[in-house]
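Colleague: I'd like to ask you about the structure that follows.
A short reminder: the numbers here are calculations on the coordinates, not readings from a lab. Values in this document were obtained by computation on a predicted structure and should not be read as measured data. Here the Cβ is made from the backbone with ideal geometry for all residues, glycine too, and neighbour counts use every protein chain on show.
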Amino acid sequence: MLEPGLYEQVINKQIQSELTGSSDDLKRVEKIDGAEASEILSKYVSEVLHKALDRISDDENLEAKIDLVNKVVGLISEENDLNDLKELAVADSAEQLLALLSENDPMYKIGQRKAKDIVRPETSVAQSSLFTGAVHEPQMYSELRKEMETADRIDMLVSFIKWSGLRLLFKELKDFVDRGGQLRIITTSYMGATDVKAIEELSKLPGTEVRISYDTKRTRLHAKAYIFYRKTGFTTAYVGSSNMSNVAMSSGLEWNIKVTTKDMASTIQKIEATFDSYWNSTTFEKYTHDSYDKLKKALRAERHGEKTEGYGFIVDINPYPYQQEILDRLDAERKIRGRNKNLVVAATGTGKTLIAAFDYRRFCKRNPEKQNKLLFVVHREESKLEVG
């Protein structure tokens, strides 16, 4: 019996039967979107197959379940001459591959390592899970350490980094970069919580780059994410509330969800794309040895609300790439085509006000001796444009 409420359900014959006779005003149905059909229908088939496999009793053993799966694979491969899919049938051995070691692995060559020795996280790398800080769950830092053992590339996004938290992970991070791994870290000076020692130690690691936002008034980064990329396709990410501190990593009641490519591929893709957008933003500055004093003063100012003598924050607001493209096109219209009357049309929230400010700023710089005027017309009293 269907309950009133929201659905995103493929209509099968059973549901169609229940809907028959219902007024059009009582139901909302839409055609399956062609662009999303593969995603929607594959999930539906997976649900059906899962139910069928559950109905095979334990007495009928594993072989019966594999036989059913292979019948499905065989049927699919026969359709539209997809013969290559026959190779996707489950092998008779009924086994799972859990690890693979290269013949060129130096420890393997000297007889000190086998595939069975490769460290695995306690939680699955193919199925998403939730960490709540409960007693029976593995501790966050323990899982992160184990993820580092098999990652090819690591990204971390945290509001602050405490030495107490980094210390829990430092040995594994050093082992990771020493074997050629690439580590990228984004953090901030927010609330003065970051420890300079932690940033300094990270910056000394090979293959490691740290980027920091000093603009804590405008850039309120609260996201926490630890992403472990694997060439095998079993990428995982931990997203939630744990900053890099001892309490957050070990004993705090922090919630973090472990996301995997195998069951949440689109989410992993969004995490990667968003991280890259932050990484390439001018808001986050690369930390170098010369940045030490700037970070130290920024953290002190955040902690005590003070401005040290001779030092102040200079916020240099720069356009996003899509805004810069508009500005470049405006410039081209004026310089190349001699068109000085131009119209910019952009969606709400994309920063039309800032585009106008950037354009005006550029005009003023090119005409420093003139009295440059700007007329800015808005339709709300709250809207304002401040330029100097």
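Colleague: Out of SER277, SER189, SER159, any idea which swings most in a Gaussian network model of the chain, alpha carbons joined below 10 Å?
Modeller: Judging by the Gaussian network model, the answer is SER277.
Colleague: Report the FRET efficiency, 1/(1 + (r/R0)^6), for THR348 and GLU79, where r is their Cβ-Cβ distance and R0 is 51 Å, rounded to 0.05. Before the final figure, lay out each step's value.
Modeller: Working: r = 46 Å, r/R0 = 0.90.
Between THR348 and GLU79 the formula returns 0.65.
Colleague: Calculated from DSSP H runs of 4 or more alone, at -39500 (n - 2.57) each and per residue, what is the 222 nm mean residue ellipticity of the chain, nearest 500?
Modeller: Values: 12 runs with 148 residues, N = 388.
Result for the chain, helices only: -12000 deg cm²/dmol.
Colleague: Could I ask something else about it? Between GLN324 and LYS262, what FRET efficiency comes out of the Förster formula 1/(1 + (r/R0)^6) with R0 = 41 Å and r the beta carbon distance, rounded to 0.05?
Modeller: According to the calculation, E is roughly 0.65.
Colleague: Could you work out the relative contact order of the chain, using alpha carbon pairs under 8 angstrom and six or more residues apart, expressed as a whole percent? List each step's numbers first, then the result.
Modeller: Numbers: 432 pairs, mean separation 48.7, N = 388.
Computed over the chain, the figure is 13 percent.
Colleague: Can you list the HN-Hα couplings for region 275-285, worked out from phi with the Karplus curve (6.51, -1.76, 1.60; θ = phi - 60°), rounded to whole Hz and with x for Gly and Pro?
Modeller: 4, 4, 5, 5, 4, 8, 7, 6, 5, 9, 9
Colleague: Whole number please: convex hull volume per residue of the Cα set in region 129-304, in Å³? Please list the in-between numbers first.
Modeller: Values: hull volume 19.2 nm³, N = 176.
Measuring per residue, one finds 109 Å³ for the Cα hull of region 129-304.
Colleague: Anyone know which of TYR292, TYR190, TYR322 comes out most mobile in the 10 Å Cα GNM of the chain?
Modeller: TYR322
Colleague: So, by mean Cβ neighbours within 10 angstrom, what's the order for 252-260, 104-112, 238-246 with the highest one leading?
Modeller: 238-246, 252-260, 104-112
Colleague: For Cα extents along the principal axes in Å, one of [x] 88, 67, 43; [y] 62, 48, 41; [z] 58, 55, 50 was computed from the structure I shared and the rest are decoys. Which label?
Modeller: Read-out taken from this structure: [x].
Colleague: Another question, then. Where in region 157-229 are there trypsin sites (Lys or Arg not before Pro) that are in a DSSP coil and have at most 15 other Cβ atoms within 10 angstrom of their Cβ?
Modeller: On the way: sites: LYS162, ARG167, LYS171, LYS174, ARG179, ARG184, LYS197, LYS204, ARG211, LYS217, ARG218, ARG220, LYS224; in loops: LYS162, ARG179, LYS204, LYS217, ARG218, ARG220, LYS224.
Passing sites in region 157-229 are ARG179, LYS204, LYS217, ARG218, ARG220.
Colleague: Compute the FRET efficiency between LYS296 and GLN127 as 1/(1 + (r/R0)^6), taking r as their Cβ-Cβ distance and R0 = 45 Å, and round to the nearest 0.05.
Modeller: Computed FRET efficiency for LYS296 and GLN127 comes out at 0.55.
Colleague: Going down the table (LYS65/LYS231; LYS27/LYS71; LYS174/LYS297; LYS86/LYS174; LYS71/LYS109; LYS43/LYS352), which pairs top 32 Å between alpha carbons? Don't jump to the answer; show the numbers that get you there.
Modeller: Working: LYS65/LYS231 30 Å; LYS27/LYS71 36 Å; LYS174/LYS297 28 Å; LYS86/LYS174 44 Å; LYS71/LYS109 42 Å; LYS43/LYS352 41 Å.
Table pairs above 32 Å Cα-Cα are LYS27/LYS71; LYS86/LYS174; LYS71/LYS109; LYS43/LYS352.
Colleague: Need the full-extension length gain, ASP152 to ALA134, defined as separation in residues times 0.36 nm minus the C-alpha distance. One decimal, nm.
Modeller: Extra length from ASP152 to ALA134 when fully extended: 3.5 nm.
Colleague: In whole angstrom, note down how far apart the Cα centers of region 201-256 and region 125-139 are.
Modeller: 17
Colleague: Follow-up question, since we're still on this one. Take peptides 145-151, 22-28 and line them up by average Cβ neighbours within 10 Å, highest first, as a rough protection proxy.
Modeller: 145-151, 22-28
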